[in-house]
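The values are calculated or read from the model by the stated rules, or taken from the named source; none is laboratory data. Keep in mind that what you see is a predicted model, and the values were worked out from it rather than measured. Reconstructed Cβ throughout: ideal geometry from the backbone, glycine too, with neighbour counts over all protein chains shown. We work out accessible area using only protein heavy atoms, side chains counted, and drop any ligands, DNA or RNA first. Shrake-Rupley method; radii C 1.70, N 1.55, O 1.52, S 1.80 Å.
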Amino acid sequence: MKKLSANEIRATWLRFFSERGHSIEPGASLVPHNDPTLLWINSGVAALKKYFDGSVTPPNRRITNVQKSIRTNDIDNVGKTARHHTFFEMLGNFSIGDYFRESAIPWAFEILTSPKYFAMPVDKLYFTYLPTDLDTRNLWLKCGVKADHLIPLEGNFWQIGTGPCGPNTEVFFDRGPAFDPDNRGLRLLEEELDNDRYVEIWGIVFSQYNGVEGVARADYAELPYKNIDTGAGLERIACVLQQTPTNFETDLFYPLIKATHDISKVAYEGVNLMAYRVIADHIRTCTFALADGANFSNEGRGYVLRRLLRRAMRYGRKIGIYQPFLYLLVPTVIRIMDDFYPYLDEKEDNIAKKILAEEEKFLKTLTSGEKQLEKMLVDQPAKLSAEATFKLYDTYGFPFELTAEIAEENGVSIDRSGFNALLEKQRERARSARKDAQSMANQSVDLMECHIPSVFDYSSTAPLVSKVVALFRDGQKVEEIEDYGEVILATTNFYAESGGQVADRGFLTSKKCEAEVTDVQKAPNGQHLHVVTLNFGTISLGDEITSQIDVPTRLLTMRNHSATHLLDQVLADVLGDEVHQQGSSVDSDHLRFDFNYAQALTIEQINEIERRVNQQIANGLVNTTLLLPLAEAKKRGAKSLFDEKYGATVRVVEFGNFSSEFCGGTHVANSEDIGVFVIEFERSIASGIRRIQAKTSLGAYNLLKEREKILFDTKEILGAGSYVEILTTLKTLENEKQRLKELNRSLADKLAAAEAETLAEQFVVYDGVHLLVNYLPKLARSALIGLIDVLKAKNDDGVIVLIGQESLDSYPIVASVGPKALKQGIKAGQIVQTIAKKMLGSGGGRVDFANGAGKVKPDINEINKIIKELID
């Protein structure tokens, strides 16, 4: 068996399948592109769905890749087992309607066992298969696998909802009895028991059926194109070939463990193993996710990242690291991985800064969370409610485990099951909010096989006469449509939705029909597919038809799109070159541009950005559009989206020497055609991601008129003589407001002093203690606390208990115990806790000061009796 590094394993895999006619597909970004069904790219096939569901035809039907992936469903197992990770790499080989199991299985056997490749001993390999899939069993036998190394399992069938599915076979490596302490042997595989002996290293799916929910598997129809989908875990293969105890001792992880040890100085052994492994796993995930455009936030993938980082920090505390440290591990992650992922190098500083900022934020969170927890422990001295622990977790980001630890130290129990129930409700809400989209669409064979050429005419907005070359109804090829369907024209001027720009709308007309175009999408082979509803008549194959787009809408959209390009470059000029596009949307009403930036823009920055865009509009920059080889376009410095895949030839849109971008959209001929540019708003949409929404042309004019109307209404309400007097009038009103607030505060202080004078005469001496107990139904908690401060100045040795009223079921309680009374063992916290319980509420606090609240009106005589019993 060859001892190969991770880099050598990747290279061997790609070389093997490239030699067998596979195109090497570059790994996709971890952040899914145009796939709302996924939070992360979580497998090798996830980035290739467009090929498997038939929405795009691949240049080569044989594909191999190394795909970085994130899964967090097994996060609690990370560090506990030898093989669970949140970030991992999948080695894959795929066939989209080309070869099938007859090639896939022999190739799998060859790369695993041949001395030229991985050279794994055949007798260490075991293979599972679907019991009815005898073709797979026979092929493994033909390769030389012994019958007793073939394990039939009913669960070997891969399917996610409706769409392509089929039987699968899995390959396991036997690491021997040392990893089987109970000596259960093959039972571990046959009964699918969790274990570290038989490590699954490869899964091969034979995607040959079209699965339909509600239909028996035996009745699934065969797919017109049978596919192969495989995934082999790089980390697991590295563990096998490098013969390490777990994945964490391979060259993918161990340098991180050593770097963490240099900070901690605590031995990597025993109870510390899990902490080191969690840290190594989670910093890899955070580094790659941030590099691919994700950011820390309180929702979606940003929340996942935040949870991983905070979990890693908590485990850092377990090995004595209490300061920010994860950002120091980023260079180690990148040194391990940058041979295969060179794009990481330029992002290193930015990733480290984001992680350090998040670590510092969490340390502040811990501080604020601990303060909140201290208050909760006072209010709930026996048992913390599920709602309290969940609020700490959800609102303050305070780890539940830390809450439990601190509560235990204070002798307070927690409602763990209640917390878990609230957490599950939150998860269910998140699952329900996820878009209800199919995981894999049905294959539309007719659309996939349609290679009829169709041309998009960028320059034409006038009515265009063309020929109907293909017709479909719900993706099925037809000769004629009479109500609705999809149309492909030999030439069209309708733009298909892509690159953030919406599709054109309009009409297709002829002597015998009128059809409204409600959408335009790109067919699998790139043609513009017009989605139409007929108002009258029919459309037949071969018809001459006139395409007429909504020209005013197109022109407004073009202006917004061109302004987006100018804005992109201006943002880099004003905020720095590290600012990059994170998404955009362009229609006739507005443009929306998302970009990475750590803080809110100042009004000065917003004004400067707006001014510079308008300056470039006024400069009359000529639009030059070029079709260039990809390498030449990059050499010219044209901007491109990091996670977008481009073909060999790309379209570049340039405005003078100012802006140059890869773009397939429609644009104005000259920047002065945009007219005017106005920013509507700037705001955060996620941690580290800002959004600018702006308008141009007529939309900008309307926006300015709306703002002018607001100014006019404000002027009228304030009674200002003109617009320029609005600010002066507001400042005058603000000064008057402050004067009245100070007057109100002064009067409140006088009232409190007067009330205190009255109350000071009501002290009684009981058992040598000056005692004042009173119910003041007109006062809220803040007023009671103010009164106590005044009364303490008059008699700081006494016991003062005041009860107010804030609503029909809320009676604030405050208590103060002076130094002399404290020496007699009287405690304010005990007094409030006892009174609050009597009033069906809760409370507590320090020995010298405490507060709480009751839910029922106090019986002041009963309260006096309780306090005297406590003094006794």
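Observations
- Label reach from Q476 (point 7 Å along Cα→C-beta): in the range 186-219, amide nitrogens under 19 Å belong to 210-213, 215.
- Per atom type, the chain shows carbon and sulfur on 50% of its accessible surface, probed at 1.4 Å.
- Amide N proximity, the range 690-705 versus E644 label position 7 Å along Cα-to-Cβ, cut-off under 20 Å: 690-694
- FRET efficiency, Y775 to N420 (Cβ-Cβ, R0 51 Å, nearest 0.05): 0.75
- Using a Förster distance of 56 Å, the FRET efficiency for K391-N7 (Cβ separation, nearest 0.05): 0.75
- Residue-normalised accessible area of the range 83-146, given per residue in Å² at a 1.4 Å probe: 36
- Pair L193, K838: separation of 7 Å Cα→Cβ label points (nm): 6.3
- Remark: for residue pairs K837/K865; K49/K522; K741/K792, the C-alpha separation exceeds 21 Å in K741/K792.
- The modelled label-to-label distance for the pair A221/E604, using points 7 Å beyond Cα in the direction of Cβ, is 6.6 nm.
- DSSP bridge analysis restricted to the range 769-872 gives an antiparallel fraction near 75%, rounded to the nearest 5.
- Candidate lysines - alpha carbon under 29 Å from K705, same-chain residues fewer than 8 apart omitted: K695, K715, K731
- Highest mean first, the peptides 623-632, 593-602 sorted by other C-beta atoms within 10 Å per residue fall in the order 593-602, 623-632.
- Peptides 785-795, 222-232 ordered by average Cβ neighbours within 10 Å, highest first: 222-232, 785-795
- Taking a straight Cα-Cα cut-off under 16 Å and skipping sequence neighbours fewer than 8 places away in the same chain, the lysines within cross-link reach of K80 are K318.
- Among the lysines of the range 341-400, pairs that are 8 or more positions apart or on different chains and have alpha carbons within less than 20 Å of each other number 12.
- If R0 is taken as 56 Å, the Cβ-Cβ distance between N861 and A357 corresponds to a FRET efficiency of 0.45.
- Whichever lysines have a C-alpha closer than 18 Å to that of K794, once near sequence neighbours (fewer than 8 apart) are set aside: K750, K820
- Of the trypsin sites (Lys or Arg not before Pro) in the range 11-106, the ones in a loop by DSSP (not H, G, I, E or B) with at most 12 other beta carbons within 10 Å are K80.
- Over the residues of the chain, the helix contribution to mean residue ellipticity at 222 nm works out to -12000 deg cm²/dmol, using -39500 (n - 2.57) for each DSSP H run of at least 4.
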